[in-house]
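For reference, the structure discussed in these notes is given below.
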Amino acid sequence: MKRLFAVLLAFCFVVAGGCGMSLAADDVNCWFPPDWKDKGAQAKAISEVLTEKSGLTVRPRIAKSYPEILQAFSGSDASLVYVGSFVQAIIKARGLGTTLAQQVNGQEFYSGVLIYPQGQDPAAIISNSPAAIAYAVGASSGESCAKAATGGKAAIATPNHGASVGAVKSGKAKAAMVKNWWWDANKDKYPEMAMYEIPDISLVKNPDNVLTASRAIPAEQADKIRQAALSGGEVFGKGEMKAFDSSSLDFSLSLMKKGGIDPLTYSW
């Protein structure tokens with residue numbers, strides 16, 4: 001009887017161990033940033049394509065805040081995220097996930113550029129009034145670049161690039177750090193402003209639109225999701241999806257280091 005019990009116990013252990021080793025993640029949440037609140041249809045379409053092509057069940061989740069994404073990646077739930085370099089750099093620094101693919105559309109990398117009133121000296125603004133530079137919180141092209149350019153002294157936090165330039169127009173800030181592609185699309189609205197590329201800071205090296213899998217997704221399933229994204233790239237937008245090398249986040253992390261931003265403890 002004891003021998004039978006031991007055999008049954010061993011059998012149960014093997015079965016349980018086998019299940020534990022597989023770490024099946026049949027249900028996956030695909031997170032999108034808060035500014036996707038008006039892109040629910042696209043988030044749904046992306047999740048449907050990943051579901052169809054990977055064989056997993058991928059559900060779209062538009063985050064209410066960035067900490068919600070990091071909390072999901074820190075837990076045991078299988079998660080994906082489709083987001084830009086600031087959050088991706090934090091995920092890499094904390095070892096929370098594996099990058100899979102990136103949308104390549106000609107603007108897959110971006111920089112932070114300084115916007116200031118026409119006729120003024122941008123270098124002098126940085127040197128003499130570093131705390132008076134506005135930046136979008138939680139953006140490599142905003143917060144990271146502004147802090148890196150000023151030794152961590154930039155102090156006018158805003159919710160987005162438009163608000164940063166608005167702070168300059170209202171006189172609250174001396175200058176604003178914004179994404180280069182945002183400025184290209186919006187510069188005609190601000191004829192009284194000029195743009196300055198800061199040496200060693202305004203480099204087009206911050207990756208955008210990267211799909212990453214959390215540690216809770218086994219490597220084999222993560223690879224299925226990667227292949228699904230690569231073959232269904234049109235749903236992500238213009239261009240195509242290509243495999244992404246996580247070393248491309250090193251520049252974004254270097255900006256954080258220059259600006260005194262610790263990706264291990266940062267919170268919004």
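Run the count for the stretch 22-180, please: Lys pairs, Cα-Cα under 23 angstrom, 8 or more apart or on different chains.
Final tally of qualifying lysine pairs is 20.
With each pseudo-label sitting 7 Å past Cα toward Cβ, what's the ASN128-GLU240 distance in nm, one decimal?
5.2
Leaving out ligands and nucleic acids, and using a 1.4 Å probe, what accessible area per residue does the stretch 124-194 come to in Å²? Numbers along the way, then the final one.
Details: 2820 Å² over 71 residues.
Heavy-atom accessible area per residue stands at 40 Å².
Using the eigenvalues of the Cα gyration tensor, what equivalent ellipsoid semi-axes result for the stretch 175-228 when each is taken as the square root of five times the eigenvalue, whole Å, largest first? Intermediate values should be presented prior to the final figure.
Details: eigenvalues 289, 34, 14 Å².
Equivalent ellipsoid semi-axes, largest first: 38, 13, 8 Å.
Could you list which residues have their amide H under 5 Å from that of LEU56, counting only those 5 or more apart in sequence or on another chain, with H placed in the peptide plane?
Under 5 Å from the amide H of LEU56 lies no amide H from a residue far enough along the sequence or on another chain.
At 222 nm, what value in deg cm²/dmol follows for the chain if DSSP H runs of at least 4 each add -39500 (n - 2.57) and the sum is divided by all its residues, to the nearest 500? Mind dumping the intermediate values first?
Details: 10 runs with 105 residues, N = 268.
Value at 222 nm, helices only, nearest 500: -11500 deg cm²/dmol.
Please turn the phi angles of the stretch 75-83 into ³J(HN,Hα) values with the Karplus equation 6.51 cos²θ - 1.76 cosθ + 1.60 (θ = phi - 60°), one per residue in order, whole Hz, x for glycine and proline.
3J(HN,Hα) across the stretch 75-83, in whole Hz: x, 9, 6, 5, 9, 10, 9, 10, 7.
Tell me, how many Å apart are the Cα centres for the stretch 191-242 and for the stretch 48-89?
13
Would you mind checking which residues have amide H under 5 Å from TYR266's amide H? H placed 1.01 Å from N; only 5 or more apart, or other chain.
Residues meeting the amide H criterion: none.
Under DSSP H, which helices of the chain have Cα atoms covering 20 Å or more of the helix axis and a Kyte-Doolittle average no less than 0.5? Could the numbers behind the result be given before it?
Values: long enough: 2-22 (30 Å, 1.63); 40-54 (21 Å, -0.21).
Those that clear 20 Å and a mean of 0.5 are 2-22.
Using the Cβ atoms and a cut-off under 14 Å, what net charge is assigned to the surroundings of LYS44, where Lys and Arg are +1 and Asp and Glu are -1? Don't skip to the answer; put the middle values down first.
Working: positive: LYS37, LYS39, ARG59, ARG61; negative: ASP38, GLU48, GLU52.
Cβ neighbours under 14 Å give a net charge of +1.
Give the carbon-plus-sulfur fraction of the accessible surface of the chain in %, rounded to a whole number; probe 1.4 Å, heavy atoms of protein chains only. Display every interim value, and only then the final one.
Values: 7060 of 13030 Å².
The value for the chain is 54 percent carbon and sulfur by accessible area.
The values are calculated or read from the model by the stated rules, or taken from the named source; none is laboratory data. Not measured: the values here are computed from a predicted model. FYI the Cβ positions are ideal-geometry reconstructions off the backbone, even for glycines, and counts take in every protein chain you see. Heads up: the accessible areas ignore ligands, DNA and RNA and are worked out on the full protein's heavy atoms, side chains in. Shrake-Rupley method; radii C 1.70, N 1.55, O 1.52, S 1.80 Å.
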